[in-house]
Amino acid sequence: VQLVESGGGLVQAGGSLRLSCAASGLTFRTYYMGWFRQAPGQEREFVSAISRSGGGKYYPDSVKGRFAISRDNAKNMGYLQMNSLKPEDTAVYYCAAGSRFGGSLWDARDVDYWGQGTQVTVSS
C-alpha cells in the first residue's frame, strides 16, 4: 500500500494550498481517508476525514470553515483544499487511510496506512 502526498510548500498567511494524496495497493473506495498534521515537538493532530462515499466530511474546530476535504474514488485520489492559512497551520501533513472511524474526530490509532508527509509552511 502506498499513499503519496503532494502539493505542500511555502505560502503567506491568508493564502491557499491544495494537497493531493495518490493511493495505490488498496481498494481505496472501501477506506475512510483523511489528513493529519504534525508540527515540531507536537503530537500528530487530526485535520480532516471523509467517508468512503464522500458524503460525510469531518473537521476539528481549528480548521472548520477554512479547509475542505474531497476524494475521487475513480482516480484513487484524495484532496485537501486549505484556505485562509495561518502560521499555526505550519506542519508536516500526512495522508491517512483506515477502515475504522469514530464518527467525529479520527483517532490516529485507527489509521491503517500513512503517507510519507508533505511540508506546509505558512509565513506571517
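The values are calculated or read from the model by the stated rules, or taken from the named source; none is laboratory data. Note that the structure is a prediction, hence the values are computed from the model and not measured. All Cβ positions, even for glycine, are placed from backbone atoms using ideal geometry, and neighbour counts span all protein chains on display.
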Identify all residues within region 23-39 that are of a type in the set (S, T, N, Q) and farther than 11 Å from LEU3 by Cα; write none if there are none.
THR27, THR30, GLN38
For residues that are of a type in the set (Phe, Trp, Tyr), at pLDDT 95 or above and buried (at least 20 other Cβ atoms within 10 Å of the Cβ), tally how many sit in region 87-123.
2
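To keep it simple, each residue is scored yes or no on (1) surrounded by fewer than 12 Cβ atoms within 10 Å (Cβ to Cβ); (2) out of contact with any Gly (no Cβ under 9 Å at 6 or more places or on another chain); (3) modelled with pLDDT of 95 or more; (4) closer than 13 Å to LEU17 by Cβ.
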position	(1), (2), (3), (4)
ARG52	no, yes, yes, no
VAL63	no, yes, yes, yes
ILE69	no, no, yes, no
LEU85	no, no, yes, yes
Reported set for region 6-60 where residues are in contact (Cβ under 8 Å) with a residue 40 or more places away in the chain and aromatic (Phe, Trp, Tyr) is PHE28, TYR31, TYR32, TRP35, PHE36, PHE46, TYR58
Any chance PRO40 is surrounded by fewer than 21 Cβ atoms within 10 Å (Cβ to Cβ) and at pLDDT below 95
yes
Determine whether region 4-23 contains at least one residue that is surrounded by fewer than 13 Cβ atoms within 10 Å (Cβ to Cβ), modelled with pLDDT under 95 and not aromatic (Phe, Trp, Tyr).
no
Within region 3-23, the residues that are of a type outside the set (A, V, I, L, M) and outside any strand (DSSP E or B) are GLY7, GLY8, GLY14, GLY15, SER16
